[in-house]
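Every number in this text was worked out from the coordinates using simple rules, so none of it is lab data. Just so you know, these numbers come straight off a predicted model, no measurement behind them. No Cβ is skipped: glycine too gets one built from the backbone with ideal geometry, and neighbour counts run over all protein chains shown.
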Amino acid sequence: MPNFQLPPDVLQSIPEDLPIPLNDRACEHLENMLLPDVSLWSTNDQEINLSRLSGWNVIFCYPMTGHPGFAIPEGWVQIPGAAGCTPQVCSYRENYTEFNRNGVGIYGISTQTSETQKEAASRLGLPYPLLSDVNHNFS
């Protein structure tokens, strides 16, 4: 496993030289597009096919969650939004009760392995599943 270690302050402060993300409109073609008919393995040991979900759902994609004791890739904090993956995952955890009360499902997707995601889900106390797209079937 690569040696990824998150600097202790990266989740508490924004680097001064972080570029401001611009909306390049590169994703506008995705509006109203159907999700692919692909099943992904979840941290609760089930296959989930997002195209077959009913009702309202939040589906967010993230590159990776940090892992204590492992260094992050060089330049990671300079990528707009990259250092926010773990806080993003945790923000859905903090608001899970409200989403659940309103019948909204939450699913996080990354290309990390299920084992790595299970460790993160356990360590972070996530009440919703993370889905592994390790084979890039969804992405």
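Convex hull over the Cα atoms of the stretch 85-129, averaged projected area in nm²?
On the way: hull surface 11.8 nm².
The Cα convex hull of the stretch 85-129, projected and averaged over all directions, gives 2.9 nm².
Which one, [x] -0.47, -0.62, -0.88; [y] -0.48, -0.66, -0.98; [z] -0.54, -0.74, -1.07, gives log10 I(q)/I(0) by the Debye sum over Cα atoms at q = 0.12, 0.14, 0.17 Å⁻¹ as derived from the coordinates shown?
[z]
Which far-off residues, 5 or more places away or on another chain, put their amide H under 5 Å from the one on Cys61, with H placed in the peptide plane?
Excluding prolines and chain starts, which carry no amide H, the hits are Ile109.
Using mean Cβ contacts within 10 Å as the protection proxy, how do 27-37, 51-61, 70-80 order, highest first?
70-80, 51-61, 27-37
At R0 = 25 Å, how high is the FRET efficiency between Arg101 and Asn44 if r is their beta carbon distance? Nearest 0.05 is fine.
0.80
Subtracting the Cα-Cα distance from 0.36 nm times the residue separation, let me have the gained length for Cys27 to Phe60 in nm, one decimal.
Answer, rounded to one decimal: 10.5 nm.
Kindly put Ser114, Ser122, Ser42 in sequence by how many other C-beta atoms sit within 10 Å of each C-beta, fewest to most.
Ser122, Ser114, Ser42
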